[in-house]
Amino acid sequence: MTTMNRRTFVATLGLAGSAALLAGCSSNDASTDVTTDDAATTDDSADEASYTLVKEGTLTNVAELGFAPFEYIDDDGNTVGFDVDLSNALAEKLGLTCEWLPNQAFDTLVPTIQQGGKADISIAGMTITDDRLEQVDFTDPYLNSNQGLITASSSTDTVDTLNDASKQIACQTGTTGDEWIQENLPNATRVPLADVTAGLMGVQTGLYSAMVIDLPVAQNMISQSFTDLQVLEEIPTGEQYAIAVSKDNPGLTAALNDALAQIEEDGTMDTIKQTWFGTTEI
Ligand code: GLN
C-alpha cells in the first residue's frame, strides 16, 4: 500500500464481474494492490496520475449504510443514495467501476482508510475535521451540512432543559453530532449508538429525550419515517462533507478532486442533488 512508485499495470482479472459491480454493493475479498498508470487526468503532474487501488479497475468504498439519503439499503437490498450516485459519477470519470463494502460502524471508517488494504475511499456523509485530518486525507468538499437536535413533536424540552443528567441524548458514535453533545450538553447523559435509526426510534418511543445528527439526514428521516419527531434546533456547525482517502494515496485524492471539479462543471452534481434533495441549493 505504501509504494507510490509507478509499476507495471497487471490487468487480468475481474472484467466479467464489472457489470454486477456497477449495480454496486456486493462484498468482496479486496486484496489486489495495483497501481493504475492509466487514470484519466487532465493534471500535468505525472506523479498525480498514479494511484493505488485495492482492487483493479474498482473504486472500493466503505461506509456506514444507515445514513439516508446519503447511503442506505433500499427495500430491494441495493445500496443507494446521494453518495452512491456521486461515487458512481466519480468512478466513471476515472474509468473505474464502483463497489461498496458491507456496512461498517461509522467510527471504524477513518481507521479502515488509514490502515489501507480494504477500501480506497470512504464516502459517507463524512465531515472534514482536524482530528480526522491527522489520520486521513480528504478531497475537496462536496456538500455543506449542519447538525439537527431532534426531539419528539410532543416534547416540551429546550436545549437548556436537555442539558441535564436525567436526559438521555442519542447520537451516532464518533460523529460530529456526538462531539457537539459533549461540548454543548455536557451535563446530559450521552448515548452513543452504532445506528441512527435505533436512536430515532428511541426518541420516538420516549427511551431517549433527543438525538443529534446531521440535519439533512434528520430532515429526510423525519419526512420519510419518523413523522412524530421534529427538528427542535438547527445547529449551524458549518460542516463540509468530503471523501476520506489514505495519506499513502495522494494521487487518488488528486484524481478525485479532478473528477469532482468535472462533475461540478458538467452539471452531474446538480442532477444528483436534484435527485436526492429536490433542489440544487444544498
Ligand atoms: N457528518 C457526520 C460526521 O462526519 C456524520 C456522518 C455519518 O454519520 N455518516 O461525523
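Residue by residue through segment 223-231, which ³J(HN,Hα) values in whole Hz follow from phi under the Karplus form 6.51 cos²θ - 1.76 cosθ + 1.60 (θ = phi - 60°), with glycine and proline marked x?
3J(HN,Hα) across segment 223-231, in whole Hz: 6, 7, 9, 10, 6, 8, 10, 9, 8.
Provide the net charge surrounding PHE138, with neighbours chosen by a C-beta distance below 13 Å and charges set as Lys +1, Arg +1, Asp -1, Glu -1.
Numbers: positive: ARG132, LYS247; negative: ASP130, ASP131, GLU134, ASP137, ASP140, GLU239.
Taking every other residue near PHE138 into account, the sum is -4.
Show me, for segment 110-119, the HN-Hα J-couplings you get by feeding each phi into the Karplus relation (A = 6.51, B = -1.76, C = 1.60, θ = phi - 60°), rounded to Hz, glycine and proline as x.
Result, ordered by residue: 4, x, 5, 5, 4, 5, x, x, 10, 9 Hz.
List, in order, the whole-Hz ³J(HN,Hα) value for each residue of segment 133-141 obtained from phi through the Karplus relation with A = 6.51, B = -1.76, C = 1.60 and θ = phi - 60°; use x for Gly and Pro.
5, 6, 9, 9, 8, 10, 6, 4, x
Could you tell me which of rounded, prolate or oblate describes segment 200-273, using a ≥ b ≥ c as the square roots of the eigenvalues of the alpha-carbon gyration tensor, with rounded for a/c under 1.5 and, failing that, prolate when a/b is larger than b/c and oblate otherwise?
Prolate.
Measuring from centroid to centroid over Cα atoms, what is the spacing of segment 214-282 and segment 182-197 in Å?
Each part reduced to its Cα centre gives a spacing of 23 Å.
Which ordering of TRP100, TRP276 is given by a fewest-first count of other beta-carbon atoms within 10 Å?
Numbers: TRP100 28, TRP276 21.
By the 10 Å Cβ count, ascending, the order reads TRP276, TRP100.
Starting with the fewest neighbours, write out VAL84, VAL212, VAL231 ranked by other beta-carbon atoms found within 10 Å of each beta-carbon. Can you show the working numbers first?
Values: VAL84 25, VAL212 28, VAL231 16.
In order of increasing Cβ crowding within 10 Å: VAL231, VAL84, VAL212.
If neighbour count is taken as other Cβ atoms inside 10 Å, put PHE106, PHE277, PHE70 in order from fewest to most.
On the way: PHE106 23, PHE277 16, PHE70 27.
Going from sparsest to densest Cβ surroundings: PHE277, PHE106, PHE70.
Can you list the residues, at least 5 places off or on another chain, whose amide H is less than 5 Å from the amide H of GLU233, using H built in the peptide plane?
Residues meeting the criterion, in which the H sits 1.01 Å from N, are LEU149.
Non-local amide H neighbours of LEU59 (under 5 Å, H modeled in plane, Pro and chain starts lacking H): which ones?
THR97, CYS98, GLU99
When Lys and Arg each count +1 and Asp and Glu each count -1, what net charge do the other residues less than 15 Å away from ASP270, Cβ to Cβ, add up to?
Numbers: positive: LYS273; negative: ASP85, GLU264, GLU265, ASP266, GLU281.
Cβ neighbours under 15 Å give a net charge of -4.
Too long at a 27 Å Cα-Cα cut-off: which of LYS167/LYS273; LYS55/LYS247; LYS247/LYS273; LYS55/LYS93? Could you put the intermediate results ahead of the total?
Working: LYS167/LYS273 36 Å; LYS55/LYS247 18 Å; LYS247/LYS273 29 Å; LYS55/LYS93 17 Å.
From the list (LYS167/LYS273; LYS55/LYS247; LYS247/LYS273; LYS55/LYS93), the Cα-Cα distance tops 27 Å for LYS167/LYS273; LYS247/LYS273.
Computed from the coordinates by the stated procedures, all read-outs in this text should not be read as laboratory data. The structure presented is a predicted model; accordingly, all values stated were derived computationally and were not measured. With ideal geometry, Cβ positions are generated from the backbone for all residues, glycine too; neighbour counts draw on all protein chains shown.
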